[in-house]
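Take a look at the structure below.
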Amino acid sequence: MLVQSTCHSASDDPPSGCPLDVLPSPSIMSSSTADTSSSPRGAAPTWVCLLLCVLAFVDAFDSQILPAAPAQFQYFIQTSTNTTNNEGMYFGVLSSAFITSFSIGILAFGYVSMSMRPFRVISIGVAVLVVAVFLSAISKRANSFELLLVGRVLSGAGEAAFQCVAPAFFTTHASPNAETLWLGVYSVSTTLGAVVGGITSAVAASTIGWDALFALEGLVLMPLLGVCLGGIPRSIDTLDDLTAEAPPCLPHETHHLLDNTTTQTTAPSFVRELVAVCHNTVFVWLCLGSAALAFASSCASSFLTLLLLGLNVFRDETDANVTQGAIGMVTSIGGTLLGSLLLDWTCRGAPQHRRSYFALRQLVVLMPLVVVNMVAGLAGLPNRQWYLVTAAIDGLLTASLPTILMTALLHAVDPSRRALTMGIYTLVVHVLGDVPSPVLMGAIKDAWAPACNSILVDGLVKLNPQCVQDKAGLMQAMLFPVAWDLWAVVCFGVALVVMRRAKQV
């Protein structure tokens with residue numbers, strides 16, 4: 001295994017390759033002609049990168065089938081569990097089950113990916129996802145909440161295998177001049193998948209049924225699975241070389257690595273690799289900030305449509321999802337491109353090892369703007385026009401965050417540990433963010449807006465018309481995620497302070 005760096009730095013440049021308390025010296029930095037952490041051994045063909053983006057689209061599509069049709073799924077929960085009082089909590093359990101299995105799976109697959117070819121890991125994940133969506137499809141006919149729950153658990157595990165590999169694959173195998181671009185396209189694919197999934201789910205829930213939508217998703221995934229299994233060139237479907245992208249180190253350690261011709265044949269210790277990743281202080285604060293951001297985002301994605309329907313901002317689920325989807329589709333593309341271009345412009349002429357610093361600085365500037373805009377949007381409810389304007393601004397701001405956050409994260413750790421880093425990062429983010437938030441938000445909705453349940457009207461599932469009487473409770477529930485966004489602002493600010501202090505060591 002690669003010897004851990006114990007180098008120091010008197011440099012004024014924020015580092016990224018080594019942990020912040022073991023920085024590279026300026027003399028070593030100046031001797032490097034390029035940032036090896038961003039130089040792939042072999043650039044992946046465009047179609048392979050597009051394949052990953054398509055898979056990201058389908059994954060995001062799948063994740064939005066549930067929250068985009070809350071009335072339909074609430075009614076299914078009421079009939080399959082024979083309950084009329086706790087459907088919000090059960091609805092949250094479905095979301096949390098997906099996120100829990102995703103969190104556990106991404107850590108396991110992140111470690112496995114250190115000794116398994118990336119597309120082998122992805123193939124396993126896609127195969128599990130195919131099984132998951134077919135189980136979800138038959139759960140409605142079987143009237144089984146438990147079967148749908150199992151399907152969502154497997155769906156989270158399947159997505160984990162893909163999500164821990166894809167961002168690191170772009171960083172390692174994309175052309176150096178297109179790394180940020182592909183991360184941006186990947187992020188846009190995820191956003192568009194969520195938008196299209198939300199619109200399609202809202203329409204399908206009252207036409208062909210959400211069970212048919214799950215089945216169609218499985219049919220789409222099967223040929224993609226075949227390509228992942230047998231169509232990827234072996235030249236790019238390789239393990240990361242633990243020494244090929246090593247961060248700058250002290251001269252005696254560099255000589256040791258150059259003189260060491262012994263090939264690593266055993267997998268690195270999981271505990272040792274785990275400690276090495278978690279030793280990075282900036283990584284820790286990025287995890288905490290991202291967890292708070294994920295908590296707020298999960299609360300909003302799971303219940304925002306339902307709460308807005310209760311406030312009569314939208315007429316029905318189709319109106320809500322089509323309107324918000326159209327805004328999201330435009331702003332996701334514009335926001336991601338603007339954020340990526342701004343980061344590239346900020347980093348112009350700067351060495352690659354400073355990319356993490358500039359990304360984090362941009363994140364610290366954007367997050368307070370997101371919070372202020374959210375508060376302004378809530379203050380104008382239930383005015384539809386005001387909400388749509390603030391939603392568009394929010395879409396532009398938040399769409400730029402994932403690419404910036406991934407850049408800050410992946411350039412702050414050892415390249416050989418990027419997949420494991422994604423696993424640890426995602427586990428922390430979901431355990432502290434996505435997993436508890438839907439259940440907690442569901443319980444809050446049930447307590448503060450008890451009239452917002454689903455009822456059967458003329459053979460159609462509808463949101464209870466009495467929901468509007470709980471306007472005060474709905475507004476309080478929508479303010480709850482804002483507090484977690486404020487915590488994210490604090491954590492990202494601390495991470496930037498830590499990085500600035502580290503460069504003065």
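Read the figures in this text as sums done on the coordinates, not as results from a lab. Because the structure is predicted, anything quoted here is derived from the model rather than measured. No Cβ is skipped: glycine too gets one built from the backbone with ideal geometry, and neighbour counts run over all protein chains shown.
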Separation in nanometres of the label points that stand 7 Å from Cα toward Cβ, at residue 378 and residue 345: 3.2 nm
Sort out for me the Cα centre separation of the stretch 90-136 from the stretch 350-402, rounded to whole Å. 29 Å
Of 88-100, 400-412, ordering from highest average Cβ density within 10 Å down gives 400-412, 88-100
Nearest 0.05, what FRET efficiency do residue 270 and residue 458 give at R0 = 60 Å with Cβ-Cβ as r? 0.55
For 375, 313, 431, ascending order of other Cβ atoms within 10 Å (fewest first) is 375, 431, 313
Report the one residue of 106, 127, 156 whose Cα lies farthest in the direction of the positive end of the charge dipole of the stretch 87-161 (charges on C-beta: Lys and Arg +1, Asp and Glu -1; origin at the Cα centre). 127
Computed from the beta carbon distance with a Förster radius of 22 Å, FRET efficiency for residue 131 and residue 234 to the nearest 0.05 stands at 0.25
Tell me which residues come under 5 Å, amide H to amide H, from residue 175 once H is placed; ignore anything under 5 positions away on its chain. 44
Which of 415, 440, 379 sits farthest toward the positive end of the charge dipole of the stretch 338-444, with +1 on the Cβ of Lys and Arg and -1 on the Cβ of Asp and Glu? 415
At residue 466 and residue 54, where each label point lies 7 Å from the Cα along Cα→Cβ, what is the point-to-point distance in nanometres? 5.0 nm
Could you tell me how far the Cα centroid of the stretch 167-221 sits from the Cα centroid of the stretch 63-89, in Å? 24 Å
Within a 10 angstrom radius of the beta carbon, how do 211, 458 rank from fewest other beta carbons to most? 458, 211
Take the Cα of residue 120, step 7 Å along the line toward its Cβ, and report every residue of the stretch 160-202 whose backbone nitrogen sits under 20 Å from that point. 160-170, 172-173
Exposure proxy check on 47, 487: fewest-to-most Cβ neighbours within 10 Å is 47, 487
Residue span residue 316 to residue 385: 0.36 nm per residue of separation minus Cα-Cα distance leaves a gain in nm of 23.2 nm
Here, trypsin sites (Lys or Arg not before Pro) of the stretch 341-417 satisfying both criteria (DSSP loop; at most 15 other Cβ within 10 Å) are 348
Scoring only Lys, Arg, Asp and Glu (+1, +1, -1, -1) among other residues with Cβ under 14 Å from the Cβ of residue 101 yields -3
Among 81, 115, 136, pick out the residue whose Cα is farthest towards the positive end of the charge dipole of the stretch 75-172, where Lys and Arg carry +1 and Asp and Glu carry -1 on C-beta, about the Cα centre. 115
